[in-house]
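One structure below.
The values are calculated or read from the model by the stated rules, or taken from the named source; none is laboratory data. Only a predicted model underlies this, so the values are computations on that prediction, with no experimental measurement involved. Cβ sites come from the backbone with ideal geometry, for glycine too, and all protein chains shown count toward neighbours. With ligands, DNA and RNA removed, areas are computed over all heavy atoms of the protein, side chains included. Shrake-Rupley method; radii C 1.70, N 1.55, O 1.52, S 1.80 Å.
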Amino acid sequence: MLSKIWIQCVCGLTILIQSVSSAPSVIQSGVHDQEYWYEQARIALRKRLQYATDRRPHAKNVVLFVGDGMGVATATAARILRGQRLGKRGEDHELAWDTFPAVALAKTYNMDAQIGESSACATALMCGVKTNFETVGLDARGRFENCFSSFSSRVSSLIDWAQESGKSTGIVTNTRITHATPAALYGHSPSRYWEDDSKVPPASRKSCKDLARQLIENDPGRNINVLLGGGRRHWLPKVAHDPEQTKEEGRRLDGRNLIDDWARDKKKRGLKAEYVWNKGQLDKINPNQVDYLLGGRIDHAHHYNNAYRALDETLAMETALLAALALINPTETLIVVTSDHSHVLTMGGQATPRGHPILGPDSKVSDIDGQPYTTILYGNGPGYATPRIVPMNTTTASDDRNQVHGSAVPRQWATHGGEDVPVYALGPLATTLFTGTFDQSYIPHAVAYSACLGEHRLRCQGIDNYTAPQVTTCVAPEVSSVSAAGAPVVIASSVMADDGTRAKSGAGVFVPVTHLLCLVMLEFAVT
């Protein structure tokens, strides 16, 4: 029987950081290319595997949840909020990932940036290679907006590794499918902004494909089974009107309708494919009769210093994780919960009593100006004001959803944070592989080792890269009710809008979870 998981997609907005091209280069001499980061991952793996008493267990399924922008302060505040919503004081509550046996920290810097940016962080997290600010799917030889530099710097991703191992794959995103974070799973571009050909400089259009074209024409994109997300404007020509927002036109200058091209390609290859663009159409899809599916969209918080929605979306990700945990067997499934980068949210107060509303003001006013302040503040962003902004002291009123918390430095949008982000893991080899502090680029290699993917694909046949060939093969994991049938799926989700509009809430999606490699990402932003 085909088991399914319901994931309620939560929306958000990634606001772009200004280019740092004018800053002096601080990259040390030497080429930090793909092989450099692969070797760094091998070293990190060896350090951890030396403590393993049994290296044979392997993950048949992998579920990777990425809370885009979820730093430690966000996780702590969300934990307290969940407890308070349950009528408790909150501090002693546990979120689902708090119970995982393995906890580590990941460094989120980019090759040329101290504070991580979405596309470069996603490349590290999905491809196992640190790269330059605002480039995607390339190693450090790729240069921003330099088309030629992308030819020799392309790197493979978890989706490539999964497809090489015979797994079906998919991307489910609550933003544009061509946005920086999901694009790292299939795309290779010297600019995260090259989502359609109108974004590509004229001189580069003949040599470098935009991300939408790469998705339907190149491997691994053309072989991805499930594509659910937004950004239809990047698939349609300028002469075409959007079927849902009829006043909006497409943005492609080449005259192509990539949705039609996607359907023709699947028909030519004898594959059963369907295109849907609303919940009603999605609900009618029979997953047993469709090999390929194209559709979807959802919506946008931390960048607007909106703590309510940021924490609310963190708890929505926990709800999705709980749904997954109810359907999988942890003896055969590796679950990893992490973030691509942090945000500038802080949490503090003076003698704040237990159970104090996490979204409210501290119990004491400032001893300098006598003004109140919230326990949750931001280092920079739109919440700067004199006198200070102090949202209402409540966690339930709908009017509070869009309230902005105070910030120390005025900015149109808050920046990302640069501190390490948490990594929580459960499943085969989790307590061996996910320990200590490591570069973010180590994570997909650790996942690959556990699941026998990529350069570790022969490990489950007894050929371990780090030991002599084993006499026995990998221990056969206990079979659960969700691993007996169905196709493997990779899911990825992130958030961002490239215009000033706010997206509507969208529907969740059903996803098969057998033989699963699952990537789920949420960005913390505001509708």
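Structure summary
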{"item": "Pair list, Cβ < 6 Å and 6+ apart or interchain, from region 242-259 residues that are within 17 Å of residue 178 (Cα to Cα) to residues that are among the polar types (S, T, N, Q)", "result": "251/198; 253/198"}
{"item": "Answer from 379, 383 - the residue that is small (Gly, Ala, Ser), part of a loop (DSSP other than H, G, I, E, B) and within 28 Å of the chain's Cα centre (by Cα)", "result": "383"}
{"item": "Which numbered condition residue 177 fails, given (1) farther than 21 Å from residue 414 by Cα; (2) among the β-branched types (Val, Ile, Thr); (3) more than 15 Å from the chain's Cα centre (by Cα)", "result": "(3)"}
{"item": "Filter pass, residue 192 being open to solvent by less than 30 Å² (accessible area, probe 1.4 Å), among the charged types (D, E, K, R) and touching a Gly at 6+ places or on another chain (Cβ under 8 Å)", "result": "no"}
{"item": "Candidate set from region 161-189 (those that are touching a helix residue (DSSP H, G or I) at 6+ places or on another chain (Cβ under 8 Å) and charged (D, E, K, R)); member that is surrounded by the most Cβ atoms within 10 Å (Cβ to Cβ)", "result": "176"}
{"item": "Subset of region 288-327 (residues that are part of a loop (DSSP other than H, G, I, E, B), at pLDDT below 90, over 17 Å from residue 81 (Cβ atoms) and aliphatic (A, V, I, L, M))", "result": "290, 298, 327"}
{"item": "All positions within region 65-89 that are among the polar types (S, T, N, Q) and touching a Lys or Arg at 6+ places or on another chain (Cβ under 7 Å)", "result": "none"}
{"item": "Verdict on residue 49 being closer than 18 Å to residue 345 by Cβ and either open to solvent by less than 10 Å² (accessible area, probe 1.4 Å) or out of contact with any strand residue (DSSP E or B) (no Cβ under 9 Å at 6 or more places or on another chain) (or both)", "result": "no"}
{"item": "Among the residues listed as 369, 362, 340, the single one being open to solvent by less than 30 Å² (accessible area, probe 1.4 Å) and over 30 Å from residue 447 (Cβ atoms)", "result": "362"}
{"item": "Helices (runs of 4 or more DSSP H) (entirely within region 56-169) containing at least 3 residues that are out of contact with any Leu (no Cβ under 8 Å at 6 or more places or on another chain)", "result": "72-85, 118-127"}
{"item": "Leading residue by the ranking (modelled with the lowest pLDDT) among those in region 170-207 that are hydrophobic (A, V, I, L, M, F, W, C) and not in a helix (DSSP H, G or I)", "result": "172"}
{"item": "Close pairs (8 angstrom Cβ cut-off, 6 or more residues apart or separate chains): basic (Lys, Arg) in region 145-157, open to solvent by 10 Å² or more (accessible area, probe 1.4 Å) anywhere", "result": "154/188"}
{"item": "Single unsatisfied condition, residue 393 versus (1) surrounded by fewer than 18 Cβ atoms within 10 Å (Cβ to Cβ); (2) touching a strand residue (DSSP E or B) at 6+ places or on another chain (Cβ under 8 Å); (3) at pLDDT 80 or above", "result": "(3)"}
{"item": "Which listed residue is in contact with a Lys or Arg (Cβ under 6 Å, 6 or more places away or on another chain) and of a type in the set (Gly, Ala, Ser), from 118, 149", "result": "149"}
{"item": "Out of 66, 26, 31, 20, sole residue that is modelled with pLDDT under 95 and open to solvent by less than 10 Å² (accessible area, probe 1.4 Å)", "result": "66"}
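A quick yes/no check of all residues on (1) among the charged types (D, E, K, R); (2) part of a helix (DSSP H, G or I); (3) open to solvent by less than 10 Å² (accessible area, probe 1.4 Å):
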{"site": "209", "(1), (2), (3)": "yes, no, no"}
{"site": "212", "(1), (2), (3)": "no, yes, yes"}
{"site": "215", "(1), (2), (3)": "no, yes, yes"}
{"site": "222", "(1), (2), (3)": "yes, yes, no"}
{"site": "227", "(1), (2), (3)": "no, no, yes"}
{"site": "233", "(1), (2), (3)": "yes, yes, no"}
{"site": "243", "(1), (2), (3)": "no, no, no"}
